[in-house]
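The block underneath contains the structure these notes are about, expressed in structure tokens.
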Amino acid sequence: MKYENVTKATFIDRPNRFIANVEIDGQKETVHVKNTGRCKELLIPGCEVWLTAPDSPGRKTKYDLIAVRKDTGVLFNIDSQAPNKVVKEWLSNKNFDLVKPEYTYGESRIDFYMERGKEKYLMEVKGCTLERSGVGYFPDAPTERGIKHIHELIKAKSEGYHAMLAFVIQMEGVSEVRPNVSTHPEFGIAMESARKAGVRILFLKCHVEPDELEIKVDL
């Protein structure tokens with residue numbers, strides 16, 4: 001997936017989870033942050049960030065903050081909408097007969113339902129933007145919704161679906177995502193239950209540019 005109208009800026013601060021202040025060509029600008037997670041390891045005063053200007057009518061802010069360079073030099077895409085968009089694009093090239101986003105299953109909306117012949121698939125997508133020592137971790141904040149989705153995948157697997165939990169790794173140099181049990185131990189328990197139940201855990205490595213995110217693995 002590609003972004004248009006991308007602008008480089010310097011991060012100043014983040015008054016709340018929805019907005020940040022940045023500097024563009026010496027001018028302070030308030031921008032929308034497309035990630036409500038904490039991102040405290042990434043959004044550090046003085047770091048390089050990238051913005052996109054979607055030019056949507058009625059917006060309070062001109063720009064969305066979509067990428068940041070960590071102090072290690074690694075570039076991160078932090079757009080929380082990007083994982084589903086890039087997975088949809090990726091799945092369209094995987095020879096499925098049907099790919100349907102936002103599929104209602106049980107009491108949840110699972111990110112993708114797919115069919116290939118008589119085989120039925122469900123995939124829940126999570127974006128990983130937290131990295132420590134070359135390993136990805138999820139979540140960076142507690143997610144009861146995420147646990148609910150995992151339980152739905154376990155149920156689907158027992159009913160004959162191919163069930164998958166896919167982590168889109170929104171930075172390069174990371175090939176594994178582990179549950180962030182220090183932040184949400186229950187997510188780790190749920191993920192291990194899914195693994196034991198036969199839910200397939202996918203780590204989707206990506207190529208990241210300020211204006212691009214591309215999945216670089218096969219299904």
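The values are calculated or read from the model by the stated rules, or taken from the named source; none is laboratory data. The structure presented is a predicted model; accordingly, all values stated were derived computationally and were not measured. Quick reminder, even Gly has a Cβ in these numbers, built from the backbone with ideal geometry, and neighbours come from all protein chains shown.
Summary table
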{"quantity": "Condition check for GLU176: surrounded by fewer than 21 Cβ atoms within 10 Å (Cβ to Cβ) and over 13 Å from the mean Cα position of the chain (by Cα)", "calculated": "yes"}
{"quantity": "Condition met for TYR137 (of a type outside the set (D, E, K, R), under 22 Å from PHE76 (Cα atoms) and either modelled with pLDDT of 95 or more or in contact with a Pro (Cβ under 9 Å, 6 or more places away or on another chain) (or both))", "calculated": "yes"}
{"quantity": "Condition met for ARG195 (under 17 Å from the mean Cα position of the chain (by Cα) and either assigned to a strand (DSSP E or B) or loosely packed, with under 15 Cβ neighbours inside 10 Å (or both))", "calculated": "no"}
{"quantity": "Meets criteria (under 28 Å from VAL74 (Cβ atoms), in the same structural domain as GLY106 (by TED's automatic domain parsing), among the basic types (Lys, Arg) and in a helix (DSSP H, G or I)) for ARG178", "calculated": "no"}
{"quantity": "Given (1) touching a helix residue (DSSP H, G or I) at 6+ places or on another chain (Cβ under 9 Å); (2) surrounded by 16 or more Cβ atoms within 10 Å (Cβ to Cβ), number of the condition LEU42 does not satisfy", "calculated": "(1)"}
{"quantity": "Enumeration of residues in the stretch 140-176 that are closer than 17 Å to ALA190 by Cα and either touching a His at 6+ places or on another chain (Cβ under 6 Å) or among the small types (Gly, Ala, Ser) (or both)", "calculated": "ALA141, PRO142, GLY146, ALA156, SER158, ALA163, ALA166"}
{"quantity": "Any pair with Cβ under 8 angstrom, 6 or more apart, that starts in the stretch 1-27 at a residue that is without any contact (Cβ under 8 Å) to a residue 40 or more places away in the chain and ends at one that is acidic (Asp, Glu) and not in a loop (DSSP other than H, G, I, E, B)", "calculated": "THR10/GLU23; THR10/GLU48; ILE12/GLU23; ASN21/ASP13; ASN21/GLU29; GLU23/GLU29"}
{"quantity": "Those strands (runs of 3 or more DSSP E) lying entirely in the stretch 86-130 with at least 2 residues under 15 Å from the mean Cα position of the chain (by Cα) and without any contact (Cβ under 8 Å) to a residue 60 or more places away in the chain", "calculated": "108-116, 119-128"}
{"quantity": "Residue list for the stretch 33-52, filter: at negative phi and part of a loop (DSSP other than H, G, I, E, B)", "calculated": "LYS34, ASN35, THR36, GLY37, ARG38, LYS40, GLU41, LEU42, LEU43, ILE44, PRO45, CYS47"}
{"quantity": "Residue within the stretch 69-78 that is of a type in the set (Val, Ile, Thr), part of a loop (DSSP other than H, G, I, E, B) and touching a residue at least 60 places away in the same chain (Cβ under 8 Å) present", "calculated": "yes"}
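Table: residues versus (1) more than 22 Å from CYS128 (Cα to Cα); (2) touching a Ser or Thr at 6+ places or on another chain (Cβ under 8 Å); (3) hydrophobic (A, V, I, L, M, F, W, C).
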site	(1), (2), (3)
ARG17	no, yes, no
ALA20	no, yes, yes
GLN27	yes, no, no
THR30	yes, yes, no
ARG38	no, no, no
ILE44	no, no, yes
SER56	yes, no, no
ASN77	no, yes, no
GLN81	no, no, no
